[in-house]
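Read the figures in this text as sums done on the coordinates, not as results from a lab. Here the structure is a predicted model, which means the values were calculated and not measured. Cβ placement follows ideal geometry from the backbone for every residue including glycine, while neighbour counts extend to all protein chains displayed.
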Amino acid sequence: MSINDAMVCRCSDVSLKELRDLINEGYHTFEEIKRITRIGMGPCQGKTCGNIVLRELSMATGKDFNELNMQSNRPPVVGVKLSLIAEEAGRDEL
Amino acid sequence: MSYSADVVIIGAGISGCSIAYNLAIKGITNIIVVDKSYIASGATGRCGAGVRMQWGTKMNCLLAKQSIEFYENANEILEYDRDVTFYQGGYLLLATTEKEISQFQENVKLQNSLGIPSKMVSVKEAKEIVPHLNKDILLGAAFCQKDGFLDPFLTTDAYYKAAKRLGVKFLTYTEVHGIIINNNKIEKVVTDKGDIWTDKVVNAAGGYSKKICDMVAIDIPVYSDRHQILVTEPIEHVQGPMVISFSLNLYCQQNPKGPFIMGRGDDKEPRDLRITSSWEFLEDMAKTIKNVLPPVANLRVVRQWAGLYNMTPDKQPIYGKVEEIDGFYLAVGYSGHGFMFGPLTGVIIAEMISGVKPTVDVSLLGLNRFKEGNLILEPSVV
């Protein structure tokens, strides 16, 4: 197994090779890479893949890691069942 | 930095990218597409990913039908190296009132006359199409198998890549600050990355279309409305069609990859271009989905987000030239269905710019219709 087969995103099954290929094609922000591969859109919300993506971008573009942006944070922080939200939302109506 | 182009397109969503591609295949390749962010960063990339032919006005039906027919072959035509993920699982439109039944009957008659294979279905048939549907909430439904799901990012990427191969230049992360007009003619577009000399501009700015028109003092009757969406964890495929209800303000579809996407609008939204997410939406949507598709409520919400519908008074797009300025074209006001119309938008605007007779006569969709006041209202928007 080569390092390229390593999984960067376990939620959406994205390998290091796919990530590097996209960066080589010119997709140079987390947001753009996310929209093509769905990286960072799964249940972990980028907590696993985020730093790896930014490190790869930093190495490829020469930009400092700290200048690169992580994706937008989307609520909720962790997955919540819709039925629980519905129940809680209806509590005042009882 | 200074550029020059035969046409400048403002907005790199589905409309802008499709217009650029269609101009380029006509041989007009000296084009610059400008976007303040990245490709499909606005309304296109935030939309519900559904496409349907089931509309209530002749124009919307025609635009949607021909666009979906293009999408059926988009991977091949655009020579895309990925997959736009088109899945024709249909749209099931729930009728919850007698009024909706008669509206849908009227719509189906119009759709059938234009070659759209939609039909009315009974509650029992609706339940066969979507077994987990709560049958107590509906009186009947309309269904069209040709409607479906399409990945907005990848579809726009497919147009973008095809246009780029033909020589179109894209300036992303570039914001338009002004458009200089001289004697009713366009002189240049001013951006934060330099000026672009041109005599033709297409406003395909989606939620920001009015801001662009304000730069050239053209008043368009549009406003942008925040619509919110959420997506759940993925499960095995159990729901073929998009389920829509206008009266319950809901659309819900299972992405072919497994997650459910559901969204709605709110008439009381502030019209200030905000695209933040709200807690109220999450609660209201959870209650609605528990009522309409009860088992779906057992899934976890993974993310929620929002985007802008660019609304017109009759909920149909505005296409074409404006009278006051030579070379200024509008491709705006899709009222929440710009992604569905993307292919035809590109064809029509490219034909107008190159002086060819349009494939679909869209003279009814010019800006003038609002002055003349004879509007045909689209009844089927959620």
| remark: quick note, the protein assembly as shown, DSSP beta bridge pairs, % antiparallel (nearest 5) is 70 percent
| Considering lysine pairs in the range B:99-204 that are 8 or more places apart or on different chains, how many have Cα atoms under 21 Å apart? | 22
| So how compact is chain B: Cα radius of gyration and Dmax in angstrom? | 20.4, 64
| note | Ranked from fewest to most other Cβ atoms within 10 Å of their own Cβ, A:Lys47, A:Lys81, B:Lys124 fall in the order B:Lys124, A:Lys47, A:Lys81
| remark: Within the under-12-Å Cβ sphere about B:Ile68, not counting B:Ile68, Lys/Arg +1 and Asp/Glu -1 give a net charge of 0
| request: Starting at the first residue of the range B:48-61, write each ³J(HN,Hα) from the Karplus equation 6.51 cos²θ - 1.76 cosθ + 1.60 with θ = phi - 60°, in whole Hz, x for Gly and Pro. | output: x, 6, x, 9, 9, 9, 7, 10, x, 10, 4, 5, 4, 4
| remark: Classified through the alpha carbon gyration tensor (a ≥ b ≥ c as square roots of its eigenvalues; rounded if a/c is under 1.5, else prolate when a/b is larger than b/c, else oblate), the range B:228-319 comes out prolate
| task | Select from B:Gly42, B:Pro221, B:Val121 the residue farthest towards the positive end of the dipole of the protein assembly as shown; place +1 on Cβ of Lys and Arg, -1 on Cβ of Asp and Glu, and compute about the Cα centre. | result | B:Val121
| Three-way shape call for the range B:181-278 based on the alpha-carbon gyration tensor, with the a/c threshold at 1.5 | prolate
| task | Please report the relative contact order for the range B:99-255, taking Cα pairs under 8 Å with a sequence separation of at least 6, and give it as a percent rounded to a whole number. | result | 14 percent
| Dimensionless Rg over Rh [the range B:68-158; C-alpha; Kirkwood] | 1.08
| request: Determine which lysines satisfy two conditions relative to B:Lys371: a Cα distance under 20 Å, and not lying fewer than 8 residues away in the same chain. | output: B:Lys210, B:Lys315, B:Lys321
| remark: Here, chymotrypsin sites (Phe, Trp or Tyr not before Pro) of the range A:1-69 satisfying both criteria (DSSP loop; at most 16 other Cβ within 10 Å) are none
| said: Could you tell me how many cubic angstrom of Cα convex hull volume the range B:128-196 has per residue? | reply: 253 Å³
| Considering only chain B, what is the antiparallel percent among its DSSP beta bridges, to the nearest 5? | 70 percent
| Which residues' amide hydrogens lie under 5 Å from the amide hydrogen of B:Leu250, considering only partners 5 or more residues apart or on another chain, with H built in the peptide plane? | B:Ser245
